[in-house]
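The next block holds one structure in the form of structure tokens; read it before the comments.
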Amino acid sequence: MSVRVVRTRNGEDVICDLYEVTTKEDPDKAIAFQMSNPYTVWISLRSPEIEVTDDSGDIINKTSEPEVHFEPWIPLSKDKHILLKLDEVVTAYETHPEVVEKYTKLIEAVNGTTDNQTSTSEGEE
């Protein structure tokens, strides 16, 4: 799996299994991205646990343990594999392992797979 968070041009963050799509004529040039099992992802911060005043007197809030939320992206699509034009992507990046683990568990639950099936398919890619 190549789990990435994609920041789209409209500002959405979408977590998915991301692949470049190429043509047979030019396999080195990407023409689109394929997003498998895409979910909008965002965090919500809990109330600050610690308030600190810096040298200038400004209050700095330290927040720990943000909550990660997932919601199906393009929920009315019958396909779990969505093509996205290259110019719609601002950036794609690896995310924290804890977020990837939570996403993977969600996908396994939705698809009815187990850890063993996922590990086997990962090793085959």
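The values are calculated or read from the model by the stated rules, or taken from the named source; none is laboratory data. If you're wondering where the values come from, they're calculated on a predicted model, not measured in any experiment. Here Cβ is always computed from backbone atoms with ideal geometry, including for glycine, and neighbour counts include all displayed protein chains.
Which residue, of Ser2, Ser44, is at pLDDT below 95 and within 14 Å of Tyr103 (Cα to Cα)?
On the way: Ser44 fails: within 14 Å of Tyr103 (Cα to Cα).
Among Ser2, Ser44, only Ser2 is at pLDDT below 95 and within 14 Å of Tyr103 (Cα to Cα).
Looking at region 1-43, which of its residues are outside any strand (DSSP E or B), surrounded by 13 or more Cβ atoms within 10 Å (Cβ to Cβ) and in contact with a helix residue (DSSP H, G or I) (Cβ under 6 Å, 6 or more places away or on another chain)?
Met1
If I ask for residues that are under 11 Å from the mean Cα position of the chain (by Cα) and either among the polar types (S, T, N, Q) or closer than 25 Å to Ala30 by Cα (or both), which ones from region 66-101 would you list?
Scanning region 66-101 gives Trp73, Ala92, Tyr93, Glu94, Thr95, Val100.
From the list Val68, Val89, pick out the single residue that is modelled with pLDDT under 95, under 22 Å from Val5 (Cβ atoms) and surrounded by 12 or more Cβ atoms within 10 Å (Cβ to Cβ).
On the way: Val89 fails: modelled with pLDDT under 95.
When all the criteria are applied, what remains is Val68.
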